[in-house]
1. Would you mind calculating the gained length between Lys157 and Lys86 on full extension (0.36 nm times residue separation, minus the Cα-Cα distance), in nm to one decimal?
2. May I ask which of Lys103/Lys147; Lys74/Lys147; Lys78/Lys129; Lys60/Lys129; Lys41/Lys157 have a Cα-Cα span longer than 27 Å here?
3. How many nm separate the modelled label positions at Asn50 and Gln118, each set 7 Å beyond the Cα in the direction of the Cβ?
4. What accessible area per residue, rounded to a whole number of Å², is obtained for segment 93-147 using a probe radius of 1.4 Å?
5. Determine how many Å³ per residue the convex hull of the Cα atoms of segment 96-173 encloses.
6. Largest first and to the nearest Å, give the Cα extent of segment 91-133 along each principal axis.
7. Could you tell me what percent of the accessible area of segment 116-158 is made up of carbon and sulfur, with a 1.4 Å probe and every protein chain present?
8. On the first, second and third principal axes, largest extent first, how far apart are the outermost C-alpha atoms of segment 42-173 in Å?
Amino acid sequence: MKNYLILLALLVSVMACKNETKQEDSVKDEMVKETVEVDYKSFGKEIQPNDAIASVSMSKHYNDMNVGDSIPAKVTLKVKEVCQAKGCWMTADLVDGNEVMVKFKDYGFFMPKDIAGQEVIVNGLAYVKEVPVDEQRHYAEDKGATKEEVEKITEPKRTFSFEADGVLLVETK
């Protein structure tokens, strides 16, 4: 009789473990189904997409920085505008209403002009800069501003800037 009870207890234990494994497999299957495949088009230095911080985190870093401060960073950003002359700069949203001006190290590469609204991962140096009037006017002209709009720019402006040595353009499938 004792042997039957031991055998029954052993059988119940094995069945309980078997059901638990099926539940774990089911959860793993559901997680795999939710994965979105992402491809990247690379510009400049080859970088990896892992460990990029969100734009909201970068915005907090920028707000704590002074003019002249810089930090190395890898950030995921949403492109707002691209230079329509050559693709030599772009602006991106920082979620909190601020934007960042992204330039490319040593003009070593340019971005496609038609990527506004798309997501990118930029790697390089984040810094805060005071942009002189003539440089602001130059960017305004690149954006296609009218002569009157350009002439309204009369004071230097504190900006969040980024010098990218590598960029990944996110292409979802």
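1. Working: separation 71, 0.36 × 71 = 25.56 nm, distance 2.38 nm.
Length gained between Lys157 and Lys86: 23.2 nm.
2. On the way: Lys103/Lys147 24 Å; Lys74/Lys147 36 Å; Lys78/Lys129 21 Å; Lys60/Lys129 16 Å; Lys41/Lys157 33 Å.
From the list (Lys103/Lys147; Lys74/Lys147; Lys78/Lys129; Lys60/Lys129; Lys41/Lys157), the Cα-Cα distance tops 27 Å for Lys74/Lys147; Lys41/Lys157.
3. Spacing of the two 7 Å Cα→Cβ label points: 2.5 nm.
4. 54
5. Working: hull volume 9.9 nm³, N = 78.
Dividing the Cα hull volume of segment 96-173 by its residue count gives 127 Å³.
6. 28, 27, 22
7. C and S fraction of accessible area: 46 percent.
8. That works out to 43, 32, 27 Å along the principal axes.
The values are calculated or read from the model by the stated rules, or taken from the named source; none is laboratory data. Just so you know, these numbers come straight off a predicted model, no measurement behind them. FYI the Cβ positions are ideal-geometry reconstructions off the backbone, even for glycines, and counts take in every protein chain you see. For accessibility, only protein heavy atoms count, side chains too; no ligands or nucleic acids. Shrake-Rupley method; radii C 1.70, N 1.55, O 1.52, S 1.80 Å.
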